[in-house]
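Okay, so here's the structure we're looking at.
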Amino acid sequence: MGAKEQVYDSPKGWVRDHIREYVESNGQKGHLWRGVHTLLLTTRGRKTGKLHRTALIYGQDGKNYLIVASNGGATKHPNWYQNLVADPKVEIQVGADIHMATARTATKEEKPRLWKIMTEIFPNYLDYQAKTTRDIPVVIIELE
């Protein structure tokens, strides 16, 4: 992910505003959002090749970060998830710290334990899973 490449923020207005505040304050604002910690995830678009950034609630498992591809319980995976499946090299910003990383979907064996971590952080994930027949993935982000 080139330093000079343009990054396209989420088209959702409130998410875009959250990202802007996060970036402009170097993570001082926006890292804590509604009582939960968030990170900024940048993926490469699987169709366009452009960089796309969104803000997501995260948890941790050791040195790895965890995010959930809930899409609010929609029937389809979020675009950011489809992008990282196609190209697992991502960039994350956690507070002021920016890291290159590799993202992968938790295996069937890993998911129950990681799902518990994430639903304790944000119980709404349980409601989102109940709304959809899609198995909501937990993503493990491993720093490089």
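Derivation of every value follows stated rules applied to the coordinates shown; laboratory data play no part. Please read all numbers here as calculations on a predicted model, not as lab measurements. Quick reminder, even Gly has a Cβ in these numbers, built from the backbone with ideal geometry, and neighbours come from all protein chains shown.
Numerical summary
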read-out	value
Any hit, the range 124-144, residues being of a type in the set (Gly, Ala, Ser), more than 22 Å from Asp17 (Cα to Cα) and under 15 Å from the mean Cα position of the chain (by Cα)	no
In the range 105-120, the residues that are in contact with a strand residue (DSSP E or B) (Cβ under 9 Å, 6 or more places away or on another chain), surrounded by fewer than 18 Cβ atoms within 10 Å (Cβ to Cβ) and either under 21 Å from Val36 (Cα atoms) or of a type in the set (Lys, Arg) (or both)	Lys111, Arg113, Ile117, Glu120
Checklist (1) without any contact (Cβ under 8 Å) to a residue 24 or more places away in the chain; (2) closer than 20 Å to Ile117 by Cβ applied to Lys63, failing item	(1)
All positions within the range 1-31 that are touching a Gly at 6+ places or on another chain (Cβ under 6 Å) and either charged (D, E, K, R) or in a helix (DSSP H, G or I) (or both)	His18, Glu21, Tyr22
Failed item in (1) outside any helix (DSSP H, G or I); (2) without any contact (Cβ under 8 Å) to a residue 24 or more places away in the chain, with Lys116 passing the rest	(1)
Residue satisfying condition, being under 13 Å from Ile140 (Cβ atoms) and in contact (Cβ under 8 Å) with a residue 40 or more places away in the chain, within set Ile92, Ile57	Ile92
Near pairs, Cβ below 6 angstrom, 6+ apart or cross-chain, from the range 130-143 (surrounded by fewer than 20 Cβ atoms within 10 Å (Cβ to Cβ)) to any residue that is part of a helix (DSSP H, G or I)	Lys131/Gly73; Thr132/Gly73
Hits in the range 99-120 (condition: closer than 22 Å to Arg53 by Cα and not polar (S, T, N, Q))	His99, Met100, Ala101, Ala103, Arg104, Ala106, Met118
Filter result for the condition that a residue is over 18 Å from Val85 (Cβ atoms) and surrounded by 14 or more Cβ atoms within 10 Å (Cβ to Cβ), over Leu39, Leu66, Leu32	Leu39
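For every residue, the table says whether it meets (1) under 30 Å from Glu24 (Cβ atoms); (2) aromatic (Phe, Trp, Tyr); (3) not in a loop (DSSP other than H, G, I, E, B).
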position: Leu56; (1), (2), (3): yes, no, yes
position: Tyr65; (1), (2), (3): yes, yes, yes
position: His77; (1), (2), (3): yes, no, no
position: Asn83; (1), (2), (3): yes, no, yes
position: Ala103; (1), (2), (3): yes, no, yes
position: Thr133; (1), (2), (3): no, no, no
